[in-house]
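What follows is a short report on a single structure.
The values are calculated or read from the model by the stated rules, or taken from the named source; none is laboratory data. Values in this document were obtained by computation on a predicted structure and should not be read as measured data. Quick reminder, even Gly has a Cβ in these numbers, built from the backbone with ideal geometry, and neighbours come from all protein chains shown.
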Amino acid sequence: MTDIPASVTSRAQRIKRLLAVVFPLVVLALALHGLAGAFDEHGYRAVRQAFHGFGGGQLTLAVLLALASYACLVGFDAIGLRRSGIHVHPARVGITAFLAHALGQTVGFAALTGGAVRLRGYRSAGLDLAQIGQVVLMSTLGFVFGAWVLLGVALCLEPAAAAQALPLQAGALRATGAGVLLAYALMVVLVGRQGRGFSLFGHALWLPDRRTTLAVTALSVVELILAAAAFYVLLPDSTPTGLPGFVGLYLVAVLAGLVSTVPAGLGVFEWSLLKLLPQVAPGAVLAAALVYRITYYVLPLLLATLLAIAPSMRRPLRVSAGATRAGWKALRPWLPNIIALAVFSVGAALLIDGTLPATHHLLPTASLPLLETSHLLGSLGGVLLLLIGQGLARRSHAAWMLALLVCVLAPLPIWLRGGQILIAMAALLAATALWAARREFYREGALLDQAWSWPWIRNLGLVLVAVVWLLFFVYSHVQYQNELWWQFALSASAPRALRALLLVAVAVAIFGVARLLHSTRGPLPAADEATLQALAPVLAMARDTQACLVLTADKAVLRDDNGLGFVMMQRHGGSLIAMGDPVGPPDVARALIWRFREEADRLGLRPVFYQVGEAYWQTYLDLGLGLVKLGEEAMVPLQDFGLEGRDRADLRQAWNRGKRAGLAFRVASAAEVPALLPALAVVSAAWLDDKAGEEKGFSLGSFDPAYLARFPVALVEAQGRIVAFANLWQAPAGQELSVDLMRHLPDAPKGTMDFLFIELFLWGHAQGHTRFSLGMAPLSGLAEHRLAGRWNRVAGLVARHGERFYGFSGLRRFKSKFAPQWRPRYLAAPGGMHLPAALLDATRLISLEPRR
């Protein structure tokens, strides 16, 4: 048995991931620097005064307009679903669309994030990927068409507003707006009644028919006007720009935020509006932006959290509760993500609250140590919620317990340090959601085992950058001195915030170092002797000799309830890796594939099936896994095997050379092996020294006396001395024979291994076996066409240029001389960036030296 070398992520992919984190951080830092530069004096005081100037009517109107905007966003899904022709329950449509837009607007990359939400929400309703993609397209085109029309209208009606930001006269801007509207009208005419497809930069695009285009545009215009109005009503009455002109400026700021790739355009949106509204006081603009973000981002997130709580607090849903049941089915897959985002937001709010000056103090001066301690604890709780948010999104039970504890205790330090009561209420709401959805957080594993995604690292970095900026923005009037660190007083807000920020930095550094130093996850407990004995009836019915690998001492076993089949598996890195297809009858094997997938989900690991055949490919695809070809297994037919005839001339000559060299072959039974172990150990040690290698594991056996004693051993002797051996695997039900451990002395006569295999073929034929497995030739049999898949091209490149490190072609040539039949072997694993990680985990697991 042979295996493939490690596959590593390309340098270009690593750079791309790094840029996806660094670029938004740089953009945010520049935008925040620009915001601070817009104030001539203490900016925080100006923003706070403007914030306290809002009336109740303004705030109520802003909330109503924001919610009305979200109601229009749901309409885009309804239009897309109408075109699919499949009826979806209105409750499912409303909840799925609301979640898609709420998460998409907050996290960023709305098309991707919202598309993932819709995929889970609508797939179970009978929509395929193409139909779900059409729904996503309606939402994306809606924004494009609406912004297109509104920008044209704004330039035509109020060019003076745009003239303040662009170096053009009002007449030229009005003409530009007319041209924009004319281009839209031409597009509507060209799409016709059936829609039209075209290519842009090599990507195929499709526009809907005229009627749908107009409907989507009208809905988008209303939605964008409502969203812009939700901000406009918060601006001072002295704002010189009317609503039509402000809509255009608002769209420019939104587009700037989208281009920046910063989630929700944080900082970039505000900086753009400051530049586009130079006549309005910067404090008033930032105060309006703060309230707008609360109404347009935080409030929908709170509503999504309430949606997450409501069904979970009820008894099991009644059959008659159609709308509630449909809504719950649409919501449930996203409970961990919603709650993780809510907890992350609470953590960010705790850090921000720890940076701002307290508005009141509830404790006397004598309790100053308690005040200082509560301030530090509140900020520490905030950074903990940021750090464990990724674990919540992946349903980690350990992350759930810690998040619940922090959210329950957070209101106390908030109260003690005179913080915002709304943040305390939000923490309790998050705690309620965590408790209500406790059954959704079932995955085992330590917090340090939770792999971090790049988007989560980016979001953490964005929050920390924003908090650092806020510290210097709020206390810009305080001159920094070393003595600030040691000032302790009720009114010493700046030193207190500085110390809290230092604690946050230390906590992040400790967490990062702990993850770097943390070893990979420990292996699952290997099957004990009683379990292996219980598997004997299943092994007797196995049709593939690969099932014998379960008898090595390095695998855990997942069995079905009736004891008719099993999966041999082990975990390494972020993967739970199954060795080959499940062993057992087809129905049992298919059920075990799903059970293995559930086990991987419970442990928070990616499911990986290594070296599987073609029998269950459809089940692997149903799991959402992709199949990539690892190579081909050489299978020699034994029914009519012999050394007679012209086709067997080379084998006959090799066999005769072995006989002339004094080689003799025999098969020792399992009972004879213990007595032979000292001699076999000498051969094995010499072979390892000659190859300068180490023992492998998982997909290969090792020289383990307990393991070897379970099988017959084929021996080649020369002058009474053992010069080569191989332990034999047999699958009686499949009449298949194979070998695992094959080793020979460096000074064995030339052609010893050829002689061994030929004798094994003859012995297997005499014993009634119909085929002999020579194991896999890695990276062979791959498609070489220039249009072949990415994996085939990369693997082919490795096979061509890695020949001096691993004899890919030489190994296939050696096996080909026995005229085998080739059957493919695959890796079944999640696609995307999970694939190289799965390959790397499997290769490292195989390379681990077996435990003794």
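Residue by residue through segment 216-252, note down the ones that are surrounded by fewer than 18 Cβ atoms within 10 Å (Cβ to Cβ) and not β-branched (V, I, T).
Hits for segment 216-252 are A218, P236, D237, S238, P240, G242, L243, P244.
Go through L745, L700 for me and flag whichever is over 23 Å from A578 (Cα atoms), touching a residue at least 40 places away in the same chain (Cβ under 8 Å) and not polar (S, T, N, Q).
Just one listed residue meets the conditions, L745.
Of all residues in segment 59-88 being among the β-branched types (V, I, T) and either crowded, with 18+ Cβ neighbours inside 10 Å or under 20 Å from R210 (Cα atoms) (or both), which is modelled with the lowest pLDDT?
V88
Kindly provide the set of residues from segment 534-560 that are surrounded by fewer than 22 Cβ atoms within 10 Å (Cβ to Cβ), assigned to a helix (DSSP H, G or I) and not hydrophobic (A, V, I, L, M, F, W, C), ordered by number.
Selection gives P537 alone.
Of everything in segment 640-658, what is without any contact (Cβ under 8 Å) to a residue 24 or more places away in the chain and in a helix (DSSP H, G or I)? Give them in sequence order.
Matches in segment 640-658: R646, R648, A649, R652, Q653, N656.
Just a yes or no: is a residue in segment 270-280 part of a helix (DSSP H, G or I) and surrounded by fewer than 19 Cβ atoms within 10 Å (Cβ to Cβ)?
Within segment 270-280, one or more residues are part of a helix (DSSP H, G or I) and surrounded by fewer than 19 Cβ atoms within 10 Å (Cβ to Cβ).
Which one of these does S669 not meet: (1) at pLDDT below 85; (2) surrounded by fewer than 13 Cβ atoms within 10 Å (Cβ to Cβ); (3) among the hydroxyl-bearing types (S, T, Y)?
(1)
I'd like to verify a number: residues in segment 673-704 that are touching a helix residue (DSSP H, G or I) at 6+ places or on another chain (Cβ under 8 Å) and loosely packed, with under 13 Cβ neighbours inside 10 Å, how many?
Number of matching residues: 2.
Looking only at residues in segment 708-744 that are in contact with a strand residue (DSSP E or B) (Cβ under 7 Å, 6 or more places away or on another chain) and of a type in the set (D, E, K, R), which one is farthest from K815 (Cα to Cα)?
Only one residue tops the list, namely E717.
Determine which single condition L592 fails, assuming it passes every other condition in (1) at pLDDT 90 or above; (2) surrounded by fewer than 21 Cβ atoms within 10 Å (Cβ to Cβ); (3) of a type outside the set (F, W, Y).
The number of the failed condition is (2).
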